[in-house]
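Data first, discussion second: the structure below is written as structure tokens.
The values are calculated or read from the model by the stated rules, or taken from the named source; none is laboratory data. Keep in mind that this is a model prediction, so the values were computed, not measured. With ideal geometry, Cβ positions are generated from the backbone for all residues, glycine too; neighbour counts draw on all protein chains shown. These accessible areas exclude ligands, DNA and RNA; they are computed on the full protein's heavy atoms, side chains included. Shrake-Rupley method; radii C 1.70, N 1.55, O 1.52, S 1.80 Å.
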Amino acid sequence: LGCSRPGAIADGYLVASGRYDGYTYGFGPGKSKTTVMAPLGNVVEGSPLTITGSVLDLSPAQPSSPCVSKDSMRTQMEYLHMQQPIDGLWHNETIIGVDVSLSAISEDGSYIDIGTATTDGYSGKFGMSWIPTSDGLYQIVASFEGDESYASSSDSAFVTIGSAASAGGAIEPEP
């Protein structure tokens with residue numbers, strides 16, 4: 001904490017007073033915001049669809065910047081607050097994003113684990129392809145578990161999966 005005097009600890013946050021500047025500082029996980037999007041039109045059963053979204057940092061010091069992995073946090077903070085290059089002082093760093101769990105819940109309440117996507121460390125965005133095996137309305141859920149730096153967050157979207165149109169008989173021309 002350097003030149004700070006620790007105060008109260010509650011709900012995972014430490015409050016400290018700066019000895020030299022008189023400011024009160026709060027230390028703890030920053031808020032995050034997860035978004036997810038699925039196709040708005042009907043998707044044919046057995047056809048792939050793309051699920052996209054993002055996980056962003058809502059901390060007051062860097063709102064709407066991408067959430068990054070614990071191993072990339074130092075490079076990210078130096079870039080955001082100390083005008084260092086985004087790839088590190090020696091241009092040898094790669095910023096890694098965070099993991100997002102994707103699942104689907106069907107109309108009958110059954111749960112489908114779609115998989116885990118890793119966000120892009122530079123934009124906070126993710127994408128994953130999924131091939132639904134039955135028709136109906138699905139709720140797609142994206143969940144970011146959180147870590148030492150960020151609180152958890154989640155979001156959901158809906159997609160309708162339809163049956164493939166069946167082939168009909170020959171069409172007779174009108175006289």
Any hit, the range 104-119, residues being out of contact with any Leu (no Cβ under 6 Å at 6 or more places or on another chain), part of a helix (DSSP H, G or I) and either open to solvent by 80 Å² or more (accessible area, probe 1.4 Å) or modelled with pLDDT of 95 or more (or both): no
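Return a yes/no flag: does the range 106-113 have any residue that is within 18 Å of V55 (Cβ to Cβ) and either of a type in the set (G, A, S) or in contact (Cβ under 8 Å) with a residue 12 or more places away in the chain (or both). Before you say what the answer is, go through the steps one by one.
Of all residues in the range 106-113, those within 18 Å of V55 (Cβ to Cβ) come to none.
No, because not a single residue in the range 106-113 is within 18 Å of V55 (Cβ to Cβ) and either of a type in the set (G, A, S) or in contact (Cβ under 8 Å) with a residue 12 or more places away in the chain (or both).
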Restricting the search to the range 87-102, which residues are open to solvent by 60 Å² or more (accessible area, probe 1.4 Å) and either part of a loop (DSSP other than H, G, I, E, B) or modelled with pLDDT under 90 (or both)? L89, W90, H91, N92, E93, T94
Considering only the range 1-47, state which residues are charged (D, E, K, R), over 30 Å from the mean Cα position of the chain (by Cα) and open to solvent by less than 100 Å² (accessible area, probe 1.4 Å). D21
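So if I check each of D147, D135, which one is farther than 23 Å from V68 by Cα and either in contact with a strand residue (DSSP E or B) (Cβ under 6 Å, 6 or more places away or on another chain) or of a type in the set (D, E, K, R) (or both)?
Residue meeting the stated conditions: D135.
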Taking F126, is it part of a strand (DSSP E or B), under 26 Å from V43 (Cα atoms) and either basic (K, R) or open to solvent by 80 Å² or more (accessible area, probe 1.4 Å) (or both)? no
Given (1) touching a strand residue (DSSP E or B) at 6+ places or on another chain (Cβ under 9 Å); (2) without any contact (Cβ under 8 Å) to a residue 60 or more places away in the chain; (3) over 24 Å from S4 (Cα atoms), where does E45 come up short, assuming only one miss? (2)
